[in-house]
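Input: a single structure, listed below in structure tokens.
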Amino acid sequence: MLAERVGTPEAPVVARLPLDVPADGPRLDFAYGTNPERWLQAASGPFTFTLAIEDEARATTVFRADLDPSWRLEDRRWVDASVDLGAWAGRRLTLALSITAPAEPAAAADTAGWAEPRLVGR
């Protein structure tokens, strides 16, 4: 799991990971969610998970989802997701991952994160 500090829309915290995308046009599979030990703490959500592709000085948002485990029971889980990277096949890019909330949680270092990122070929 990649625990990520939660930022705010005004001050996002972005984790950047360089990636060489194989030529066979794979997809990126991953999971996202919040720490079960933080579900019942004072509400600071909803949490917005964003994945952007940075390539040649521009960023393209390819994934965005919200979870609010303090208020929605169905959000108390890890969620599987997938992004098609075919448009970037054979190129080097940067994955820009961020998690934001209206206010920074008290335990910002391990409140939310990404899990099991992997490239899957066609």
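The values are calculated or read from the model by the stated rules, or taken from the named source; none is laboratory data. Here the structure is a predicted model, which is why all the values come from computation and not from measurement. Ideal geometry is used to build each Cβ from the backbone, glycine not excepted, and the neighbour counts take in all protein chains shown.
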Query raised in the report: Counting only residues that are among the basic types (Lys, Arg) and surrounded by 14 or more Cβ atoms within 10 Å (Cβ to Cβ), which one in the stretch 1-55 is farthest from Trp78 (Cα to Cα)?
Result: Arg27
Requested in this report: Can you run down the residue pairs with Cβ atoms below 6 Å, 6 or more apart or on separate chains, where the first is in the stretch 34-56 and over 13 Å from Ala96 (Cα atoms) and the partner is of a type in the set (Val, Ile, Thr)?
Outcome: Asn35/Thr111; Arg38/Thr111; Phe47/Ile99; Thr48/Thr100
Query raised in the report: Out of (1) out of contact with any Leu (no Cβ under 9 Å at 6 or more places or on another chain); (2) aliphatic (A, V, I, L, M); (3) within 17 Å of Pro9 (Cα to Cα), the odd one out for Ala96 is which?
Result: (1)
Requested in this report: Being part of a helix (DSSP H, G or I) and touching a residue at least 40 places away in the same chain (Cβ under 8 Å) is the filter; apply it to the stretch 57-86 and report the residue that is surrounded by the most Cβ atoms within 10 Å (Cβ to Cβ).
Outcome: Asp75
Query raised in the report: Which condition breaks for Ala107 when tested against (1) among the small types (Gly, Ala, Ser); (2) modelled with pLDDT of 90 or more; (3) within 20 Å of Glu4 (Cα to Cα)?
Result: (2)
**Report entry** Of all residues in the stretch 5-20 being touching a helix residue (DSSP H, G or I) at 6+ places or on another chain (Cβ under 9 Å) and within 20 Å of Leu93 (Cα to Cα), the one that is modelled with the lowest pLDDT
**Finding:** Val13
Requested in this report: Within the stretch 1-60, work out how many residues are basic (Lys, Arg) and farther than 22 Å from Arg118 by Cβ.
Outcome: 3
